[in-house]
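The values are calculated or read from the model by the stated rules, or taken from the named source; none is laboratory data. Computed from a predicted model, the values in this text were never measured in an experiment. Neighbour counts are summed over all protein chains in view; Cβ atoms, including those assigned to glycine, are modelled from backbone coordinates with ideal geometry. What goes into the accessible areas is simple: the full protein's heavy atoms, side chains included, and nothing from ligands, DNA or RNA. Shrake-Rupley method; radii C 1.70, N 1.55, O 1.52, S 1.80 Å.
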Amino acid sequence: MRLAITHDTRYRYSPSVQTAQHVAHLQAADTPFQTVLSHRMEISPEASSVQHSIDAFMNHRAYWALTHPHEGLSVRAYTEVE
């Protein structure tokens, strides 16, 4: 069975945020029961860099910082698993 998963998170801030650091666990893991065929994330406002790693529990983790003022954050993740 093939599944297409879309995750959408949106925040609006009042007043605006000057800087922010974010961690997201939005990528599914490869296991004996599922295979990740594709994964991508869209972040707005765009982060200058996103660092990917795996935590102590084998979960995929994405970290990014926003170092400029912003009034909201939108994170959308697309994953296809089989």
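Placing +1 on the Cβ of every Lys and Arg and -1 on the Cβ of every Asp and Glu, with nothing else charged, gives the chain a dipole about its Cα centre of roughly 140 debye. Accessible area per residue for the chain is 72 Å², calculated with a 1.4 Å probe on protein heavy atoms, without ligands, DNA or RNA. At an R0 of 25 angstrom, the distance between the Cβ atoms of residue 53 and residue 80 translates into a FRET efficiency of 0.70. Between residue 16 and residue 36, the contour length at 0.36 nm per residue exceeds the Cα-Cα span by 3.6 nm. Prolate is the label for the chain, because a/c, from the alpha-carbon gyration tensor with a ≥ b ≥ c as root eigenvalues, is 1.5 or above and a/b exceeds b/c. Amide H contacts of residue 37: 80, 81, 82, each under 5 Å away and 5 or more positions distant or on a separate chain (H built 1.01 Å from N in the peptide plane; Pro and chain starts excluded).
Here the accessible area of the chain is 51 percent carbon and sulfur, with a 1.4 angstrom probe and all protein chains present. With the highest mean first, a sort of the peptides 25-34, 7-16 on other beta-carbon atoms found within 10 angstrom per residue produces 25-34, 7-16.
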